[in-house]
1. Ordered by residue, what ³J(HN,Hα) values in Hz, to whole numbers, does the range 15-31 give under the Karplus form 6.51 cos²θ - 1.76 cosθ + 1.60, where θ = phi - 60° and Gly and Pro are x?
2. Against the globular-protein guess of 2.2 N^0.38 Å, express the Cα radius of gyration of the range 1-78 as a ratio, rounded to two decimals.
3. Quick one: what are the phi-derived ³J(HN,Hα) couplings along the range 81-95, Karplus 6.51/-1.76/1.60 with θ = phi - 60°, whole Hz, x for glycine and proline?
4. Ignoring ligands and nucleic acids, what accessible area does Arg49 show with a 1.4 Å probe (Å², nearest 10)?
5. Please report, in debye to the nearest 20, how large the charge dipole of the range 1-103 is about its Cα centre when each Lys and Arg carries +1 at its beta carbon and each Asp and Glu carries -1 there.
6. Taking θ as phi - 60°, what are the ³J(HN,Hα) couplings along the range 34-43 by the Karplus curve (6.51, -1.76, 1.60), each to the nearest whole Hz, with x for Gly and Pro?
Amino acid sequence: LAPAPAVDEAVRAFRSFAAGAVLVAHNYRFDLGFLDYEAERVWGEPFPRPAVDTLALARRLHPGLERYSLLHLAGHFDVDSRPDHRALNDARAAAEVLIVMLPENAESPACPARVLPLRHPVPAAAQS
């Protein structure tokens, strides 16, 4: 970790990299909680988004599944990537699971195409 950039620098670089993108996460609250903490520390507000939560989408589209872990969903949907709690493999698996669910989402009366589980931060002014 010695050659790794400082957290402030890494958060700023990721903000620049992700500008204008829709973030995809499995269990959004866990992953983006870390980003929000650091973003609020660095520039005083949560990390910009929208974000799609593959966990919420899977629960909505497949309410009868026994488990909703990313590993279980990757196996259920038979995607190529297998998550292993390493950033790149988990990101690939989440993307592949999302790609499988997008057509289902578009066809589902319970979850029309324009109603993905998007999460937006609550503006700071609204929190007080």
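The values are calculated or read from the model by the stated rules, or taken from the named source; none is laboratory data. Treat the numbers as computed from the prediction; the structure is a model and nothing was measured. FYI the Cβ positions are ideal-geometry reconstructions off the backbone, even for glycines, and counts take in every protein chain you see. Protein only, heavy atoms only, side chains kept; ligands, DNA and RNA dropped before computing areas. Shrake-Rupley method; radii C 1.70, N 1.55, O 1.52, S 1.80 Å.
1. 4, 5, 4, 8, 3, x, 8, 8, 7, 10, 9, 9, 6, 2, 4, 5, 5
2. Compactness ratio reported: 1.33.
3. Working through the residues one at a time gives 7, 10, x, 9, 6, 10, 3, 5, 5, 5, 5, 4, 4, 4, 5 Hz.
4. 30 Å²
5. 160 debye
6. These are the phi-based 3J(HN,Hα) values: 5, 4, 4, 4, 5, 5, 5, 5, 7, 10 Hz.
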